[in-house]
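Inspection log for the structure reproduced underneath, given as structure tokens.
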Amino acid sequence: MNILLIDPQQSGISGDMLLAGLTDVFHAHDQINNFFDKIISFVHNVEAKYTLEKITKKNISGSILKFNIMNDIKKSNVKELLILIDEILDKLSLSEEAQKFVKDVFDLIVTSEASIHGYTITETDKMHFHELNSIDSIIDIVGVAFLIDHCYKWDKPIIGLPVSNGTGAISFSHGEFSLPAPAVTKILEISNYPNFHINVPYELTTVTGIALLSKLVTEQKLIQTLHRKSKTGIGHGQQDIGKRANIINIQLLEIINVDKDKSNVSTDEIVVLESHVDDLSGEILGQIIEEFQTDSNVLDISIYNLIMKKNRPGHCIRILCSRENKHIITEKLIRNTGTLGVRISPVQRHIAIREIQIKKVLLYNKEYEIKIKIAKFGENIVNVKPEFEDLKKLSEKLNKPLKEINDLVISQIKRS
């Protein structure tokens, strides 16, 4: 099985960098350039030329988006721009998943802008995208959807590593603001996407870039299974950021089943961290669970009761992580608990390969889309489970008990 890995740690992410990197890894230059011409032809009174080309910059070979805009989009507000996007999607032969992705990305940008400027999500006629009110944004977002549609699959995993932000300030239509820009910060907050700062005085992560990344990625963690790189793509950014290469690294990874001949399952090596504590309240233990569950370096955490020496009741905190992250997680565990020691044990595990598919289900005479997690051992399906957050949203939307929605969805999955 191949997995797409997006690595924006080097110098953040912008829409054109992601588009260039995907084109590079899929070797889809001719396809995307023809697609650009089609998009431009659907937009009245816009004159622009876009091409994705191979280049070598700072001794790194990759692809870059080159463009020349003679006459850009002239939309007075966000509502008009969203109507234009719907018109373009109606004329393009994109899948339902691709069209939904495009709309979700723009909806995320609208939500962030509305929150920043004090509008409700329905007041699009009062909102302005300013720098995003351009054919550029449409090219980047629709172009990414096209590449996943034609060169990958929407139900296959897309892994995203943490994204870097620059330091300093940026000037745009609303004035001067510290980095990351307000809309980028809001999208990072909404999506809970992991990020960090590096000492580079440039805007590295843009609004379009982080909106695309947060909606495209299905998992935000390091790949723990054994793998090899089958293809690597590099997307170059437009601006020069000093000595640092302004690139995004995108890889197609082939997952290797190291014990395939013996048991037809995948295995890898991880470590178990354990610590016994007897002086932490239930509230603190609950906060520790929450803190480590949201850490992308942690594979799993559990806490269970035990009796310690002198018959004292206590708890064992057990954390699973990769060997590479054991020191970081150990230090974090000591800081959060005050424990005097942590045991570290290397273990081997067998892994069921997980896939996420989008299925249509019929609920109360209406069709809905829901994510389904499929677990496989080798070629055998061992478990099929609906995504809990999707079930929860349907339960709230339909005002029906969660268990009832869950039972209906599972019964339809079993029949399909």
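Beyond 24 Å in Cα-Cα separation lie the following of the pairs 79/366; 103/186; 310/332; 366/393: 79/366; 310/332.
Evaluated over the Cα positions of the chain, the convex hull gives a direction-averaged projected area, one quarter of its surface, of 24.7 nm².
Dipole check for the chain: with +1 at the C-beta of Lys and Arg, -1 at the C-beta of Asp and Glu, and the Cα centre as origin, the magnitude is about 1240 Debye.
Normalised by 2.2 N^0.38 Å, where N counts its residues, the alpha-carbon radius of gyration of the range 261-416 equals 1.35. Between 21, 341, 233, the Gaussian network model of the chain with springs among Cα atoms under 10 angstrom shows the greatest mean-square fluctuation at 341. Kirkwood analysis of the Cα pair distances in the range 266-351 returns a hydrodynamic radius of 13.4 Å. Rounded to the nearest 500, the 222 nm mean residue ellipticity of the chain from helices alone is -11500 deg cm²/dmol, with -39,500 (n - 2.57) taken per DSSP H run of at least 4 residues.
Ordering 350, 296, 306 by Cα displacement along the dipole of the range 266-351 toward the positive end leaves 306 in first place; charges were set at the Cβ atoms of Lys, Arg (+1) and Asp, Glu (-1). For residue 54, the lysines whose Cα comes closer than 26 Å to its Cα, not counting residues fewer than 8 places off in the same chain, are 38, 66, 153, 229, 231, 243. Between the beta carbons of residue 68 and residue 308, assuming R0 = 56 Å, the FRET efficiency works out to 0.20 to the nearest 0.05. Neighbour counts of C-beta atoms inside 10 Å place 46, 207 in the sequence 46, 207, starting with the fewest. When the Cα positions of 361, 116, 101 are compared along the charge dipole of the chain, 361 comes out farthest toward the positive end, with charges on each C-beta of Lys, Arg, Asp and Glu.
Calculate log10 I(q)/I(0) of the range 1-106 for q = 0.14, 0.22 Å⁻¹, where I(q) comes from the Debye formula with a single equal point scatterer on each Cα and nothing for solvent. Once normalised to I(0) and log-transformed, intensities are -0.70, -1.45. Using a 10 angstrom cutoff on alpha carbons, build the Gaussian network for the chain and name the most mobile of 300, 279, 104. Greatest mean-square fluctuation among the candidates belongs to 279.
Rule-based calculations on the coordinates, nothing more; no lab input. What you are looking at is a predicted structure, and each value in this text was computed from that prediction instead of being measured. Cβ: placed from backbone, ideal geometry, glycine included. Neighbour counts: every protein chain shown.
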